[in-house]
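Chemist: Starting off with a structure, shown below.
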Amino acid sequence: MIYAINKGYQVHPDAFVFLKSLDCDVEKIVKTIVDAKNKFKKKSPILIDDIKSVISRDLNRTDEPVITNTNTESNGESYKIIFDPTYKINSEDKKDFFKLFDSRYKKTLKILSIRSESRQIRKIKYIKDLRNKSRFSSLANENERGKLVDSVFVAGLIMLKRNRKNDVELVIDDTTGSIPVVCKTRELINEASTLVLDQMLMLEISPSKRNSNDFVIKDIIFPDIPEHVSSKSGRESYVAFISDLHVGSKYFMEKEFNDFLAWLSSDDDFVRKIKFICIAGDIVDGIGIYPNQDRELIDINVNSQMSYAAALLEKIPKRMHVFLIPGNHDPGRRALPQSALTNLRDFQQLENFSIIGNPSLVELNKVKLLMFHGQSLDDVIATVPGLSYSKPVEPMKILLRSRHLSPIYGNRTPIAPESEDMLVIDDVPDVFHAGHVHTTQVGRYKGTLIVNSGAWQKQTKFQQTMGITPTPGICILVNLATLQSFKKDFNY
């Protein structure tokens with residue numbers, strides 16, 4: 001490993017674990033990979049695929065088995081990383097968002113296509129062309145004309161939302177154009193209050209009886225997750241959910257966090273059933289995140305903050321596998337999606353860690369878990385009436401209903417112009433885990449368990465100005481056999 005690091009290459013944590021499982025000349029493998037990357041002038045991290053490629057080439061020369069352990073089992077518990085954006089991110093020099101929104105439209109349309117009404121979706125240009133014909137009277141197909149006069153379905157992104165005196169106007173956009181539509185009934189106006197800009201919808205609309213140039217919404221259909229029975233593990237095992245340590249802040253609750261770590265290392269019968277730890281970002285407080293933050297730091301160097309955090313996390317027993325994603329306070333780019341914290345030497349030594357990007361989808365003993373730091377909750381809470389930081393489950397439900405982790409573009413949450421929108425929720429999770437808002441809460445939505453794991457930081461002055469009252473020092477534990485949850489409070 002030292003050879004790779006000295007040559008300027010990072011080793012992905014999973015690749016590090018894989019190398020340690022090999023009964024062969026690991027140094028030779030690493031040197032071969034580094035030499036190949038130098039030849040092609042690639043400074044990308046060393047991945048498992050790089051290692052397997054070298055091993056495969058060597059296996060063609062000898063019949064001796066090389067790999068001794070390639071499965072994803074630890075102490076009889078299985079895990080799998082289904083999605084990690086880290087190595088798909090390629091937007092660093094891009095400024096064009098067309099491909100991103102085109103991807104969002106197409107991926108969400110595919111989700112909507114499961115609905116029977118989707119077969120009746122018409123493109124906006126088609127609808128506008130029909131509208132522009134005088135009251136549809138020149139249409140040759142009387143049956144088609146009758147259907148359109150009654151209603152038609154359209155799918156698109158919300159480009160504008162305007163609350164008016166007696167109704168709500170939306171402007172919907174698809175790949176062929178945009179069209180204004182209006183919510184008239186009280187039920188639909190209330191439903192429209194939960195809508196956010198740039199989210200995808202399917203609408204049933206019909207021409208207004210008063211003015212054929214206007215279209216009235218008859219129904220709002222969300223991509224949404226379906227009612228479902230969540231997968232569960234075959235035997236009792238637990239996952240502990242935490243987030244937002246904010247190491248480096250003078251408000252970091254180090255004593256309470258050390259109590260948590262000591263509990264994990266205890267001989268408690270229950271603790272022995274904890275097999276996984278999930279950490280949803282903001283490992284450190286960082287620097288320059290908000291005005292006058294330096295006044296609230298005990299360490300103004302983000303690298304030493306990360307080193308100290310790694311030293312703390314190293315105390316987690318090796319029999320527990322840890323999944324760690326970044327947050328907006330951690331080093332690296334702020335825009336979503338965020339790559340894993342793989343370029344930090346201190347974290348590479350954490351053998352029982354999977355250090356992955358934000359967001360990521362993992363599977364723990366057959367239970368599908370979506371991990372997201374939760375930056376976009378700021379925008380949803382600020383946009384939708386009635387939401388607050390004290391009840392984060394509600395805005396998390398809106399993200400599930402939108403099938404998107406950060407639908408609003410241009411507000412507080414930066415989104416990178418990737419060619420693929422990796423924030424679309426393609427798979428329905430059994431558990432949805434986030435942090436960011438520093439308030440612990442658990443809820444359910446259509447079969448999915450929603451967990452917001454609070455923080456390990458006392459209330460800061462900045463949070464006071466934002467009206468955030470945190471509930472720190474609490475760990476959420478979930479039984480993977482039942483998906484029942486409970487809290488373990490260390491803030492006593």
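Chemist: Kindly check whether there is at least one residue in the stretch 243-254 that is over 30 Å from R333 (Cβ atoms) and either in contact with a Gly (Cβ under 9 Å, 6 or more places away or on another chain) or modelled with pLDDT under 95 (or both).
Modeler: No, every residue in the stretch 243-254 fails to be over 30 Å from R333 (Cβ atoms) and either in contact with a Gly (Cβ under 9 Å, 6 or more places away or on another chain) or modelled with pLDDT under 95 (or both).
Chemist: Next up: Could you grab me the full set of residues in the stretch 400-418 that are aliphatic (A, V, I, L, M) and in contact with a Phe, Trp or Tyr (Cβ under 8 Å, 6 or more places away or on another chain)?
Modeler: Of everything in the stretch 400-418, those that are aliphatic (A, V, I, L, M) and in contact with a Phe, Trp or Tyr (Cβ under 8 Å, 6 or more places away or on another chain) turn out to be L400, L405, I415.
Chemist: Looking at this structure, is S212 closer than 18 Å to R122 by Cα and at pLDDT below 95?
Modeler: In short, yes.
Chemist: Restricting to the stretch 266-291, name every residue that is more than 30 Å from R319 (Cα to Cα) and touching a residue at least 40 places away in the same chain (Cβ under 8 Å).
Modeler: I289, Y290, P291
Chemist: Could you please find all residues in the stretch 282-303 being modelled with pLDDT of 95 or more and either among the hydroxyl-bearing types (S, T, Y) or within 30 Å of K366 (Cβ to Cβ) (or both)?
Modeler: Answer for the stretch 282-303, where residues must be modelled with pLDDT of 95 or more and either among the hydroxyl-bearing types (S, T, Y) or within 30 Å of K366 (Cβ to Cβ) (or both): D282, I283.
Okay, residues lined up against (1) at pLDDT below 80; (2) in a helix (DSSP H, G or I):
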| site | (1), (2) |
| --- | --- |
| K106 | no, yes |
| K125 | no, yes |
| D129 | no, yes |
| R145 | yes, yes |
| F153 | no, no |
| M159 | no, no |
| R162 | no, no |
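Chemist: Look at E236 and say whether it is within 30 Å of F490 (Cα to Cα) and either exposed (fewer than 15 other Cβ atoms within 10 Å of the Cβ) or assigned by TED's automatic domain parsing to the domain that holds L313 (or both).
Modeler: yes
Chemist: Being crowded, with 23+ Cβ neighbours inside 10 Å and either over 17 Å from Q459 (Cα atoms) or touching a Phe, Trp or Tyr at 6+ places or on another chain (Cβ under 6 Å) (or both) is the filter here, so list the residues in the stretch 243-256 that pass it.
Modeler: L245, H246, V247, listed by residue number.
Chemist: Does the stretch 290-302 hold any residues that are out of contact with any Lys or Arg (no Cβ under 8 Å at 6 or more places or on another chain), of a type outside the set (F, W, Y) and either surrounded by fewer than 16 Cβ atoms within 10 Å (Cβ to Cβ) or closer than 29 Å to Y79 by Cα (or both), and which are they?
Modeler: Correct list: P291, N292, D294, R295, I300, N301.
The values are calculated or read from the model by the stated rules, or taken from the named source; none is laboratory data. Small disclaimer: the values here were computed from a predicted structure and weren't measured. In this analysis, Cβ positions are derived from the backbone assuming ideal geometry, glycine residues included, and neighbour counts consider all displayed protein chains.
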